[in-house]
Amino acid sequence: MESQRKSSGEEDSSGERGSLHTWKGYSYSVTPERVLLSRPVLQAALGTRHGVLLVEGGQVYSFGEFPWKQSQVLEVGPLKPVLESALSGQRVVAVAAGSFHSGALTEDGGVHMWGENSFGQCGLSSLTVVPNPTPVAVMDPDTSPPHTIRVLELACGEQHSLALSAQHEVWAWGSGCQLGLVTTIFPVWKPQKVEHLVGRHVLQVACGAFHSLALVRCLPPQESRRPLPDKCGQCNQLLYTMTDKEDHVIISDSHYCPLGVELLAEGEAGLGPHPSITEHTDYERGRTVAQNGEVLTTTDADISASGTDSDRGVGGAGSRNSPYPDDQAVKEYLKKLSDTSLAEETPPADSLDLLTSDLIPGVMPVTTSSALNNLVSSCASAVGERVVSTYEALSLKKMINYYYPGIGGVAGVPGGFPGGPAEVRVRLEESMQGKKSCSTGDIREEEAEGLSRRLSLPGLLSQVSPRLLRRASRPRVRAVPLTPVGGLPEAGELLPSLQTEVWSWGRGEEGQLGHGDNLPRLQPLCIKCLSSKEVVLVAAGAHHSLALTAQSQVFSWGSNSSGQLGHMASPTTIPRLAKVSGIRVWDVGAGAQHTLLLADGDCYQPILYYSGQQVREGVQDTPQDQTEGYSYTQQPVLLPFCMNLGYVSGVFAGGQSCVALADRNVMGFIASLHELAAAERKFYCKLSSVKNHILRPLLDLGENYSLGPASTVLLRSLVRCYSRLCHLTGQHSASLTANLRRRREFKSLVMLEHASIFLDTYNEYCCSVGNFLVMGGFQALAKPSLEFFGKCPELLQRLAESSEENIPLSDLLVTLFYLPMRHLHEYGRLLLKLGTCFEVSSVDYQKLQDGCSKFEALALHLKRRRKEAEYTYHFWKSFPGKMTDSLRKPRRRLICESSNKALTLQNSGRFSVNWFILFNDALVHAQFSTHHVFPLATLWVEPIPEENTGLHGLKLISPEETFTLLACSSMEKAKWLRSINQAVDQAMTGAGQSGAGQRVEPPISRTASYTFYKDSRLKEATYEGRWLAGKPNGRGMVKWLDGRIYTGTFKNGLEDGFGDYVMPSKTLNLNDHYQGHWKEGKMHGIGTYKYATGELYEGSFQDNMRHGHGMLRSGTLNSSSPSVFIGQWVHDKKTGYGVFDDITRGEKYMGMWQDDQRQGTGVIVTQFGLYYEGAFNNNKMQGTGVLLSEDNTTYEGEFSEDWTLNGKGVLTMPNGDYFEGSFTGEWGSGLKVTGSFFKPNLYDSDGDKGRAVPEMNLSRTQNRMLESLEFIPQQHVGPVTMEKYDSIRRYLIKACDMPLHPLGRLMETLVAVYRMTYVGVGANRRLLLQAVNEIMSYLARIFQLVRFLFPDLPEEGGAIPEPSSDPQDKKDSNCADTQLESPKPGRVVSSSALLLPVLLPRLYPPLFTLYALEKEKEDDVYWECVLRLNKQPDVALLAFLGTVFFVSTTFTPSDKLQVIQLTFEEITKEVMSSLEDNFLWSMDDLFPVFLYVVLRARIRNLGSEVSLIEDLMDPCVQHGEHGIMFTTLKACYYQIQHEKTT
């Protein structure tokens, strides 16, 4: 019945989805019976005589015999299952069935068990049977408090159960050694962790009747391997045995411990509190070979008769912590076993040749050498000189060095391993397994599998196989892995892992453990021969085991009493391939004595194969030990009714029953899913076949024959990319197969959700094939391949799907390696086919359509890339050989070339040859034997208009050349223009981009790297950064070969803007470092230059020289000659005004310079108090000057040298006496005087003498700062009001506080100059006048700048009209108001009121220091009087002392006057409150009170404060109220100075 399908592609009708069919046996008369349920079946599990079904919605049904049920119904037919009502309300996601018990797994990871519980297999104590599903707690006892473990998967055997947790660990309960637990107490009622698998990532678990299987992800590759021991850690037997024959020596590493286990001693670190039981037997493996189209396995058992179980010897081991009850009995048993010979029957002398001759031609055998190195020396010492000579003759050391260490180890483990993290422990155990996982080995590892560990050493050189000798003489080369180590990193957890191992444990009497013997294993042990087989699924029957690989092969081992293994080979104790020739199996089921296989059919509808016992119709189940007379299969047989079931998605087996889940094909959706998965499985098998039969031999040929270093590297890259593609395909095949078993829907398909993984892998592979083709790799492989494959390469033709005859071998190889690209079309076709199952307007259709478009677009893109590679390869064949070596590169592809004279160079000579070749990364101009390469990233092309010239020209611009090319026609011109533009665009965006969506022209501005070869300034320098029309423009970096580096901005090919320049010093091992502005390739503007000598210059540059204002620091304080110069520079020399501070001599010069010398007027002050002001010439004091000493001795006259008097002058003593005449000599070391001595009038006042220092204007503010100011928006239009005035004041404060603003930068510079001038040696009281005048000059100049910014601002002293009063009233009241509010920038505009609040706080420390030095004597007298007068307390006046004290905490005169005003107001307020209201408060009354307030305030350096206010006070307030108050304070200061007390 047809039913409507959901948008996801699933069917609602239970009759079309998840139908269940059951049958027994394989007879042609068998007809499957369909189980009718109301909902689709999702999963089935079969026990010996019962089954469990999981249906959609999470409900569970049971059928068969239920002896554990308490109800009357003990048996239910398979056609009428009953609902397990105890699970109602639970959403079950998985079910499992053991022989006589069942389990269910809920959505939250909980476990429910029911059935037979005699052996604890249900995990519920004190119950022999559990009639209904009952929760079982899986708790981790190692946590506190114990928390519940979430379970992902269940598996049930006959007497035990296993659970796989969300942490991918295995938990077990029940009875028997199949639990893998180190215990002697059974049953185990509570689930316990299988410690031996802790640290490993378990993917799946399966249970047989009395054995267990686990599919485990391989560990990451080990960085280093532990050296393996020579002896067994327990029984002390040699792990390698050597038997000396007459003509050869037999070396074997097969060693067996008793019971196949090794027991660690109690004192050795094991797995927690329990001893570790580890199997170290390494059994001989076989090689899979192709014979007559069938897959066979060759092992030692096929060669010698020693493979039977009865012939094998075993060794023993004991432990104090043994799980056996009697340790003494074990020791005696081990002693008895140690007397038994371990020697095996040896094969004939030519056994080595027999093994190698049976292999596929060219796939040469390789053995491992991890243990053979020590073996050779022990072999020589054991057999004497004959073996030594044989060893030397054979050069066995070369053979052993050729075989790669770590590919496959020797068997055996040490007695214990250090404790530590689980990951470290399991890595050590991995090395003990005797062979590292094949998934992490190189390409020869899989070749070595199946080769006997026995090595025969002939006694004579003539007896050695010639092929073996050729291999022994080969040099050792680096191996290339054919299986990507660790898989594809970008795939992550999206795809199933193929790097897996199969571990088994439990009973082994039927060989069901797969270790080559019939011994039990108490703990999990890896089946090493399956480690490289990419097993994706394991299944366990009652006494046999199955492993399904990603290559759709089935390995089977164990009991074969009814042919259930699918082959009749022996022994059955090791995994062998089931004989399903040419059939791709993708699901398996294992019953008691039969195997069910689900495989791909010819029409993508799955088919079923049955292998095992025939079940007679109408006969009840027969016990397994009574199978005589029953027929069974010799190999799997096809079930004829399978085509009637529909599209089978999974098979299950148990007891004697078989079950298949099938879907009907509604609107082609199910068929399309099956076709997609089947196509991927087929494709992966094809890739694997090419890898095994073609890729490995080719890689061997590439290493044996000299292909050239480039081709060898490219061949390895090709092998690596092919392996990645093959591995990804295998993972995707396993993912699609798993999707068929589970959901059967498309939304979770990785190829849709993460298509980039596939696109990138195919892109990378196609690139590697193209590179190898372009470099002639396939042509180089043709000759050795011809020797290998023969003149009739049928295998190559069949794999390449080529039907042509007499095709060259190299072309056949190219076709073969480009074959995977066809599969992209298959992806697109199948996705489109899936899309047709949906409405065109649906989201699902659009999603599938988008996926189809991506793969189809990539297929077309890769097809174009193949043509490009082939075109390029044929071009190189015809290109002149001399230039081929230099121009031929793997990734370089030819686009077009002008060999047909279609393009010529303008103005070229008549006989000149100009050949232009356009590649995908460069344009080559070839002339005779020379050529030049123009990288495309730095190539610009412009068409030349044809109107004027009539020529079809193209202008090409490169960083160092510009030339014109002429095309033969307008069509040819358009072709080259388009080709160059597209090539440039692809070179910039990446060569891997497809042609869709390309720009018509590449951008004229771009980022690229280029090395100059002609430019004299940049020759051999490399530039990396932005370009514009062939020249560096924008941000970039240049590196010269001599170590110079420039990083910054460029303009028109030159450094321009801000940049960083580093230049190594030729003499010192340090760098000069410039950081600043550039212009037209030279340092120009503000910058900082750090010299390698330690000097530092900060200032202006011009034409790479210091020019303008700047500061140079030389040395440091503790260096030999530290100094600082700040001033003007011209052409890299000090010229103009400057200040030089010689820290070593303690001198500071302030004056004029010329050509780095003091020249003109200047001032010198010293740290010893000397002051010189006068003329300088040639860096010396020459001419007239004034010199003052610390004691006020003054000389005014002529000088000839520094501090040397020479000529006429006047020397004035501190007391006023003076000499006038001619002076000679150096100051301070004695003077020679010729002249007159004068004594001044005793009655002359000395108050008017003052200092004879002329006023000097030393301001260094430059008018050019006006030009550098940025544009300020004129927001103040019209007359300036008080509101606008306040906004201007706030703007100035913010601007001066911001260093990035020009005013802020100016302020910082002025402050730095001022402090440099008047700090340190410059803190001389003689400089006070200059310091004050310099501040006044600052105010006047900056005020000019402010008025330039704000033109409406009145001039100095101008008035601002009141906003709300009459002009006449305003004029009348202007004076009084101004005086009252003069401290606030108010109605009278002045530079001091506007700018001093910004400038003075920064200059206050050096300025006030000068005032303090100037007023030092007066302040000392004042302070002495203050201290003396304060000894007379007056409690009534103490309340006023808290205000005037703060006069010293402010900076500007206006702020200090404001403090004085507040003091007067508080005094007046306090006095008037105690007097009558009509009392008139006059200044005569105020002065005594204020005097005592000042006295009690104890203001330190009051004289300095008074002088500062007097010098910098705003003129407009001198005659107002503030002026009167200041005069009062000044009078108090002088009154206190001259106060006389007795």
Q.
Probe of 1.4 angstrom, ligands and nucleic acids ignored: what's the accessible area per residue over segment 1203-1243, in square angstrom?
A. 65
(Q) Taking only the Cα atoms of segment 693-805, how large is their convex hull per residue, in Å³? (A) 127
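Compute the Kirkwood hydrodynamic radius of segment 835-934, taking the inverse of the mean of 1/r over all pairs of distinct Cα atoms, and give it in Å to one decimal.
On the way: mean 1/r = 0.0597 Å⁻¹.
With all distinct Cα pairs of segment 835-934 included, I get 16.8 Å.
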Q) Where Rh is the Kirkwood radius over the Cα pairs of segment 877-967, the temperature 20 °C and the viscosity 1.002 mPa s, what D in µm²/s does Stokes-Einstein return? A) 152
Q) For segment 912-961, with equal point scatterers placed on the C-alpha atoms only and solvent neglected, what are the log10 I(q)/I(0) values from the Debye formula at q = 0.14, 0.15, 0.25 1/Å, to two decimals? A) -0.43, -0.49, -1.00
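May I ask which of 882/955; 1082/1134; 691/833; 882/1019; 975/1014; 1019/1051 have a Cα-Cα span longer than 22 Å here?
Check vs 22 Å cut-off fails for 882/955; 691/833; 882/1019; 975/1014.
For segment 1023-1150, compute Rg over Rh where Rg is the Cα radius of gyration and Rh is the Kirkwood radius from the inverse mean 1/r over Cα pairs. Don't jump to the answer; show the numbers that get you there.
Values: Rg = 16.7 Å, Rh = 15.7 Å.
The Rg/Rh ratio comes out at 1.06.
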Q: Using a 1.4 Å probe and ignoring any ligands, DNA or RNA, find the accessible area of residue 1166 and quote it in Å² to the nearest 10.
A: 10
Q | residue 1079 long-range amide H proximity, modeled H, under 5 Å | A | 1057, 1084
Q. In terms of modelled amide H atoms, which long-range or inter-chain residues lie less than 5 Å from the amide H of residue 952?
A. 967
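Taking only protein heavy atoms and a 1.4 Å probe, what accessible area per residue, in Å², does segment 618-751 have with all protein chains in place? Walk me through the intermediate numbers first.
Numbers: 4280 Å² over 134 residues.
On a per-residue basis, 32 Å².
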Q | Overall dimensions of segment 179-222 by Cα: Rg and Dmax, Å | A | 12.5, 38
Q) Quick one: how many Å² of residue 1220 are accessible to a 1.4 Å probe, rounded to 10? A) 90
Q: For residue 586, list long-range residues whose amide hydrogen, built 1.01 Å from N in the peptide plane, is under 5 Å from its own amide hydrogen.
A: 598, 599, 600
Q) Any idea what Rg and Dmax come out to for segment 106-152 if you just take the C-alpha atoms, in Å? A) 11.9, 33
**Q.** Sites residue 1470 and residue 1282, calculated FRET efficiency, Cβ-Cβ separation with R0 51 Å, nearest 0.05
**A.** 0.95
Q. Could you state the per residue volume, in Å³, of the convex hull enclosing the Cα atoms of segment 748-901?
A. 162
Q.
Apply the Karplus curve 6.51 cos²θ - 1.76 cosθ + 1.60, θ = phi - 60°, to the phi angles in segment 176-193 and return the couplings in whole Hz, x for Gly and Pro.
A. x, 5, 5, 6, x, 9, 8, 7, 10, 9, 10, x, 8, 7, 9, x, 10, 6
Q: Kindly write out, for segment 923-934 in residue order, the coupling ³J(HN,Hα) from the Karplus curve 6.51 cos²θ - 1.76 cosθ + 1.60 (θ = phi - 60°), rounded to whole Hz, with x marking Gly and Pro.
A: 10, 10, 10, 9, 9, 6, 9, 10, 7, 9, 10, 10
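With an 8 Å Cα cut-off and a minimum separation of 6 or more residues, compute the relative contact order for segment 820-919 in percent. Intermediate results must be reported in sequence, preceding the final value.
Details: 75 pairs, mean separation 20.3, N = 100.
Relative contact order for segment 820-919 comes out at 20 percent.
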Q: Go through 844-850, 590-596 and give me the packing order, highest mean Cβ count within 10 Å leading.
A: 590-596, 844-850
**Q.** Between segment 912-935 and segment 774-809, the Cα center-to-center distance that results, in Å
**A.** 35
Q) Residue by residue through segment 38-46, which ³J(HN,Hα) values in whole Hz follow from phi under the Karplus form 6.51 cos²θ - 1.76 cosθ + 1.60 (θ = phi - 60°), with glycine and proline marked x? A) 6, 10, x, 8, 9, 7, 9, 9, 10
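Filter the chymotrypsin sites (Phe, Trp or Tyr not before Pro) in segment 1163-1210 to those in DSSP coil with at most 10 other Cβ atoms within 10 Å of their Cβ, and list the result.
Loop-located and lightly packed - none at all.
Compute the FRET efficiency between residue 1044 and residue 802 as 1/(1 + (r/R0)^6), taking r as their Cβ-Cβ distance and R0 = 51 Å, and round to the nearest 0.05. If you can, show how the numbers build up before the last one.
Values: r = 59 Å, r/R0 = 1.16.
Once rounded, the FRET efficiency stands at 0.30.
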Q: Filter the GluC sites (Glu not before Pro) in segment 689-771 to those in DSSP coil with at most 15 other Cβ atoms within 10 Å of their Cβ, and list the result.
A: 745
Q. How compact and how long is segment 56-142, expressed as Rg and Dmax of its alpha-carbon atoms in Å?
A. 13.0, 46
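The values are calculated or read from the model by the stated rules, or taken from the named source; none is laboratory data. Here the structure is a predicted model, which is why all the values come from computation and not from measurement. Cβ: placed from backbone, ideal geometry, glycine included. Neighbour counts: every protein chain shown. Areas reflect the complete protein model, heavy atoms only, side chains present, ligands, DNA and RNA absent. Shrake-Rupley method; radii C 1.70, N 1.55, O 1.52, S 1.80 Å.
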